[in-house]
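A quick write-up on the structure given underneath.
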Amino acid sequence: MTKARILVLISGGGSNLQTLIDASHTTDCAYEIVHVISNRPEAYGLTRAEQAHIPARCLDHKAFKDRSLFDAALAQMIDEVSPDLIVYAGFMRIMGAEFVSRYEGRMINIHPSLLPNFPGLHTHARALEAGVTIHGCTVHWVTAGVDEGAIIGQAAVPILPGDTPDDLAARVLVQEHRLYPACVQAVASGRAKLVDGRTVLDGKPGGLALLG
Ligand code: GRF
């Protein structure tokens with residue numbers, strides 16, 4: 001089985017990257033992580049990649065005068081590796097439309113809310129503020145609209161009375177670590193595809209759902 005070659009983009013601690021690395025060592029895994037790039041030199045995820053003997057580099061966005069120059073430099077780095085799939089794992093940079101359209105249909109992200117609710121930042125505090133009782137995380141295709149791409153999979157968690165944003169973040173992160181390897185495997189194996197702006201799983205419109 002030819003494994004899909006995956007490039008992972010990170011900005012921080014890399015706990016999602018670590019779950020993808022661990023899952024890549026399982027027998028029927030359909031992907032291999034061939035490269036990791038961070039836009040922050042201090043990202044601990046770079047250390048996780050080095051410990052897993054995966055080539056890793058930093059392209060510090062602060063070194064670029066404007067966003068389009070950073071986007072172009074990152075695209076050049078990615079094209080040198082020419083991955084089958086680009087995976088955002090805590091990559092906190094909003095990329096321009098030209099960059100996104102270049103990789104549309106082979107670039108995915110994980111977001112800590114049940115989209116379309118609470119796109120953007122501070123999702124846990126906003127969920128508590130809104131008084132919803134079910135929360136979770138979403139894996140979606142990256143499109144020009146931030147956190148707007150078609151959904152590939154979701155995992156739900158309860159919000160318990162008295163929860164703080166930190167309680168929620170910890171409970172959701174556990175589900176992220178289940179959902180992301182499952183979704184990356186589905187895309188890498190060809191089960192999940194982006195077709196006319198919608199996710200198709202095993203030939204039918206729809207995606208993965210993890211409950212509890
Ligand atoms: C995760 O909660 C992810 O949903 C969000 O950023 C956080 C990154 O965590 N985009 P990590 O760097 O993978 O530990």
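Rounded to the nearest whole angstrom, the semi-axes of the ellipsoid equivalent to the chain, taken from the Cα gyration tensor as √(5λ), stand at 25, 20, 18, largest first. Can you tell which of Gly131, Cys58, Gly203 lies farthest toward the positive end of the dipole of the chain, using +1 and -1 charges on the Cβ of basic and acidic side chains (Lys, Arg; Asp, Glu)? Of Gly131, Cys58, Gly203, it is Gly203.
A simple spin-label model places pseudo-atoms 7 Å from Cα toward Cβ; at Asp22 and Leu173 they are separated by 1.3 nm. Within the same chain, lysines fewer than 8 places from Lys204 are excluded, and of the rest, those with a Cα less than 20 Å from its Cα are Lys193. Under conditions of 25 °C and 0.890 mPa s, region 94-133 yields 204 µm² s⁻¹ as its translational diffusion coefficient, taking Rh as the Kirkwood radius over Cα pairs in the Stokes-Einstein equation. Projected over all directions and averaged, the alpha-carbon convex hull of region 107-194 occupies 5.3 nm².
If you take the Cα centroid of region 1-77 and the Cα centroid of region 136-212, the two points sit 20 Å apart. Among Glu129, Glu42, Glu148, determine the one that fluctuates most according to a GNM of the chain built with springs between C-alpha atoms less than 10 Å apart. Comparing Glu129, Glu42, Glu148 in a Gaussian network model of the chain, the most mobile one is Glu129. Restricting the trypsin sites (Lys or Arg not before Pro) of region 26-96 to loop positions (DSSP other than H, G, I, E, B) with no more than 12 neighbouring Cβ atoms within 10 Å leaves Lys65. Modelled spin-label separation between Thr47 and His122, with each label point placed 7 Å from Cα along the Cα-to-Cβ direction: 3.0 nm. Placing pseudo-labels 7 Å out from each Cα toward the beta carbon at Glu98 and Thr2 gives an inter-label distance of 3.1 nm. Charge dipole of the chain (Cα centre as origin; +1 on each Lys and Arg Cβ, -1 on each Asp and Glu Cβ, all else neutral): 200 debye, rounded to the nearest 20.
Coordinate-derived values only; no laboratory data. Fair warning: this is a prediction, and the values are worked out from it, not measured in the lab. Because the Cβ atoms are built from the backbone with ideal geometry, glycine has one as well, and the counts that use them run over all protein chains shown.
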